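Working notes, structure below.
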Amino acid sequence: MSVPASIPLFAPGEDCAPAWRAAPAAYDASDTHLQILGKPVMERWETPYMHSLAAAASSRGGRVLEVGFGMAIAASKVQEAAIEEHWIIECNDGVFQRLQDWAQRQPHKVVPLKGLWEDVAPTLPDGHFDGILYDTYPLSEETWHTHQFNFIKNHAFRLLKPGGVLTYCNLTSWGELLRSQYSDITVMFQETQVPALEEAGFRREDIYTEVMALVPPADCRYYAFPQMITPLVTKH
């Protein structure tokens, strides 16, 4: 599939990290879009896909770690599952306030963790989680396509219990790859994601994916492909 070229999400060398924590979280009036520093962080059309990620992360029950809160789409679905605890890392001040308010209304214990995952994840104990859902926004042009690998290689494998499940996405990266380099979403995942998962310690035979049809709105700046892919990566 080919779509018209658009303005890149990041300018060469752009780095949003220093300003991200305190930048206003711009939820629109209809609560269908979240922007921070002008970046399209999340949009509500993603809901069926976010629910797929949530189902994967909560499939073992127990204690779930979610990295990135956004609009609470995935988080609210995780809370519908038979889990025990829900730990959530979020760095942006405004989004974290929304997380704290949301947490008070949930049926299962929520542990809000404030800060960049780079600072918070090293403080978490090994083998602590039955499921992990990683979905954060890239904060720099340099890490646009790779930030998920830094988390996966340094933390995801060690944080999971044996038999635990990792799921994740980087839609801003995958949307660009599917616009410019790939026409098959499964091939894209196999070629650009699986090697890093194996390097982190996951076995190829324990890496599964599920593809769903979901057509983004025409004005979406970060994703235009009519399919989404959910990884289900088990630690053995």
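Residues in the range 44-56 carry Karplus couplings, in order, of 5, 4, 6, 3, x, 6, 4, 5, 5, 4, 5, 5, 5 Hz; the curve used is 6.51 cos²θ - 1.76 cosθ + 1.60 with θ = phi - 60°, and Gly or Pro positions show x.
Considering lysine pairs in the chain that are 8 or more places apart or on different chains, how many have Cα atoms under 18 Å apart? Before the final figure, lay out each step's value.
Details: K77/K109; K153/K161; K153/K235; K161/K235.
Close lysine pairs under the 18 Å cut-off: 4.
At 222 nm, what helix-only mean residue ellipticity would the chain give, in deg cm²/dmol to the nearest 500, using -39500 (n - 2.57) for each DSSP H run of four or more? After summing the helix terms and dividing by residue count, I get -7000 deg cm²/dmol. Rounded to the nearest whole Hz, the Karplus-based 3J(HN,Hα) values (6.51 cos²θ - 1.76 cosθ + 1.60, θ = phi - 60°) of the range 142-155 follow the sequence 4, 9, 3, 9, 10, 4, 5, 5, 4, 5, 4, 5, 8, 9, with x at glycine and proline. Listed values for the range 186-193 are Karplus-derived 3J(HN,Hα) couplings in whole Hz (6.51 cos²θ - 1.76 cosθ + 1.60, θ = phi - 60°), namely 5, 5, 4, 5, 4, 7, 9, 10, and x replaces Gly and Pro.
Backbone amide hydrogens, once placed in the peptide plane, bring T209 within less than 5 Å of L232, excluding anything fewer than 5 places away on its chain.
No lab work stands behind these numbers, since they all come straight from the coordinates. Only a predicted model underlies this, so the values are computations on that prediction, with no experimental measurement involved.
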